[in-house]
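S.K.: Please read through the structure below; I'll follow up with questions.
The values are calculated or read from the model by the stated rules, or taken from the named source; none is laboratory data. Source: prediction; values computed, not measured. Ideal geometry is used to build each Cβ from the backbone, glycine not excepted, and the neighbour counts take in all protein chains shown. Accessible surface is based on the protein model in full, side chains and every heavy atom, while ligands, DNA and RNA are left aside. Shrake-Rupley method; radii C 1.70, N 1.55, O 1.52, S 1.80 Å.
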Amino acid sequence: QVQLVESGGGLVQPGGSLRLSCAASGSIPSMSLMGWYRQGPGKERELVAVIAIGGTTSYADAVKGRFTISRDNAKNTVYLQMNSLKPEDTAVYYCNLRRVISGQQYWGQGTQVTVSS
């Protein structure tokens, strides 16, 4: 079993920056795909960014050029650096880990990000 704990959420003004962290613990897979999802008010959960163990990344069009996902395999931690934040970025952000071999997925509890003036 894998446990994921997000941190770093909060209130920020438009144009500001925030960095989210997700620490993984437990039986960490040798190979895994980690990413960030978000769920805004009245919306379904959507993929924000994903990173493979080798460092390959992919981003949703809405956040390209503004968000950066990174992964520290030694620390079992994934980060999401969010710059030039917009009110539309307001959502609960969830960390996700997916085992490459089995496809088993794990989720964090979520951290609230609010972008407002």
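S.K.: Stretched out fully, how many nm does the piece from Val5 to Ala52 gain, at 0.36 nm a residue minus the Cα gap?
M.R.: Gain in length upon complete extension: 15.0 nm.
S.K.: Over all pairs of distinct alpha carbons, what does the Kirkwood formula give as the hydrodynamic radius of the chain, in Å?
M.R.: Hydrodynamic radius (Kirkwood, Cα only) of the chain equals 14.1 Å.
S.K.: I would also like to ask the following. Rank Tyr93, Tyr106, Tyr79 by mean-square fluctuation in a GNM of the chain with C-alpha springs under 10 angstrom and give only the top-ranked residue.
M.R.: Tyr106
S.K.: A further question follows. Note down the net charge around Ser17, summing +1 for each Lys or Arg and -1 for each Asp or Glu among other residues with Cβ under 14 Å from its Cβ.
M.R.: Summing Lys/Arg as +1 and Asp/Glu as -1 gives +2.
S.K.: Quick one: Karplus J couplings for the range 4-11, per residue in order, coefficients 6.51, -1.76, 1.60, θ = phi - 60°, nearest Hz, x for Gly and Pro?
M.R.: Running phi through 6.51 cos²θ - 1.76 cosθ + 1.60 with θ = phi - 60° gives 10, 10, 8, 7, x, x, x, 9 Hz.
S.K.: Now for a separate question. How far is it, in nm, from the label point at Ala74 to the one at Ser116 when both lie 7 Å from their Cα along the line to the Cβ?
M.R.: Once both label points are built, they end up 4.1 nm from each other.
S.K.: Moving to a separate point now. Leaving out ligands, DNA and RNA, what percent of the accessible area of the chain is carbon and sulfur, probe 1.4 Å?
M.R.: 47
S.K.: Can you report the principal axis dimensions of the range 64-117 using only the alpha carbons, biggest first, rounded to whole angstrom?
M.R.: For the range 64-117, the Cα spread along each principal axis is 43, 20, 19 Å.
S.K.: Provide the per residue accessible area, probe 1.4 Å, for the chain, rounded to a whole number of square angstrom.
M.R.: 52
S.K.: Which residue fluctuates the most in the chain, going by a Gaussian network model with Cα springs under 10 Å, if the choices are Ile51, Ile69, Ile101?
M.R.: The residue that fluctuates most here is Ile101.
S.K.: Relative contact order of the chain: what whole-number percent is it, with Cα pairs under 8 angstrom and at least 6 residues apart?
M.R.: Once normalised by length, the contact order is 36 percent.
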